[in-house]
């Protein structure tokens with residue numbers, strides 16, 4: 001029996017905070033010096049230990065219900081200019097981290113803004129980051145996208 005769970009009134013804010021925290025954790029675990037920043041356009045500044053690149057990372061997080069697990073995450077193109085401006089101010093390269101909690105899986109993707117734009121070159125007001133099975137397989141095969149997955153299994157909750 002599946003019990004319908006309604007999310008809290010602050011779930012969007014909590015999801016955003018979680019996304020930033022999990023990306024910070026992942027980067028730190030892999031040797032990146034990183035910090036959360038409160039700045040328009042970027043959420044994290046991190047230094048890559050392999051190539052010393054300074055990254056300004058904008059984190060986009062969504063929490064999907066069981067019925068909407070495959071829904072795209074929409075990034076307004078206006079966010080790109082804000083990230084570029086912040087990165088210019090701090091002397092870093094713009095990146096995006098995408099965190100999607102969908103069903104039992106939490107997918108986290110990290111890619112440069114340049115690669116994001118190569119994947120979505122057309123204009124329009126938004127970029128739609130697809131979460132369908134075909135897109136997930138393509139992201140996992142793309143060497144320019146760093147990807148990890150949490151498999152969650154809630155035991156004895158309700």
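Nothing in this text is a laboratory measurement; each read-out follows from the coordinates by a stated rule. All figures in this text were calculated on a predicted structure; none of them were measured in a lab. With ideal geometry, Cβ positions are generated from the backbone for all residues, glycine too; neighbour counts draw on all protein chains shown.
What shape does the stretch 111-158 have by the C-alpha gyration tensor, where a ≥ b ≥ c are the square roots of the eigenvalues, rounded means a/c under 1.5, and otherwise prolate means a/b greater than b/c and oblate the rest? It is prolate, given that a/c is not under 1.5 and a/b is the larger ratio. Helix 78-90 versus the longest principal axis of the chain: what angle, 0 to 90°, nearest 10, using Cα atoms? Tilt of helix 78-90: around 50 degrees.
The mean sequence distance of close C-alpha pairs (under 8 Å, at least 6 residues apart), as a share of the length of the chain, puts its relative contact order at 19 percent. So how tilted is helix 11-29 from the main axis of the chain? Cα-based, degrees 0 to 90, rounded to 10. Helix 11-29 sits at roughly 60 degrees to that axis.
How high is the FRET efficiency between residue 153 and residue 8 when r is their beta carbon distance and R₀ equals 22 Å, given to the nearest 0.05? It comes to 0.55. Plainly put, the chain has a radius of gyration that is 0.97 times its Kirkwood radius, both from alpha-carbon atoms, as the Rg/Rh ratio. Dividing the summed -39500 (n - 2.57) terms of all DSSP H runs of n ≥ 4 by the residue count of the chain sets its mean residue ellipticity at 222 nm at -9500 deg cm²/dmol.
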